[in-house]
Amino acid sequence: QVQLVESGGGLVQAGGSLSLSCAVSGRIFDISIMDWYRQAPGKERELVASITNGGATNYADAMKDRFTISRNSAKDTVYLQMNSLKPEDTAVYYCRARLPLSRTFWGQGTQVTVSS
């Protein structure tokens, strides 16, 4: 089992920045990849960024120049630094852990609201 708790969401003006955190507990060393997803009202959940166990990162095209995914050395916290935020970035942001055998775990999400 893996437990994920997101934090750091809130209200920010367009052009501002926010840093989200995902606290990871449980079978941390079984995790292959950590993802950040987001879901805007009326839209499907979409992948924002990923970081592998080896530290390789991947981003959705719309976010790659503005968002940065990282983690601490203990691998128990994953971050999403979001800069130059736009109103269309408004969504609930979730972290997800991917383990072998297609096992996945999700956090409860944190709301990010960007005002124009």
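Assorted remarks:
- Look at region 3-20: where a residue is over 14 Å from Tyr37 (Cα atoms) and a partner is at pLDDT below 95 and in a loop (DSSP other than H, G, I, E, B), sitting 6+ places away or on another chain with Cβ atoms under 7 Å, you get Ala14/Ser116.
- Any hit, region 74-85, residues being open to solvent by 70 Å² or more (accessible area, probe 1.4 Å) and not in a strand (DSSP E or B): no
- Residues (closer than 15 Å to Asp35 by Cα, free of Cβ contacts under 8 Å to residues at least 24 places away in the same chain and not in a strand (DSSP E or B)) located in region 86-107: Ser102
- Any hit, region 58-66, residues being open to solvent by 20 Å² or more (accessible area, probe 1.4 Å), assigned to a loop (DSSP other than H, G, I, E, B) and under 15 Å from Gln1 (Cα atoms): no
- For Gly42, the conditions (1) touching a residue at least 40 places away in the same chain (Cβ under 8 Å); (2) assigned to a loop (DSSP other than H, G, I, E, B); (3) farther than 14 Å from Leu85 by Cα; (4) not aliphatic (A, V, I, L, M) all hold with the exception of (1).
The values are calculated or read from the model by the stated rules, or taken from the named source; none is laboratory data. Note that this is a predicted model, so its numbers are computed, not measured. Note: ideal-geometry Cβ built from the backbone for every residue, glycine included; neighbour counts use all protein chains shown. These area figures cover heavy atoms from the full protein model, side chains too; ligands, DNA and RNA do not enter into them. Shrake-Rupley method; radii C 1.70, N 1.55, O 1.52, S 1.80 Å.
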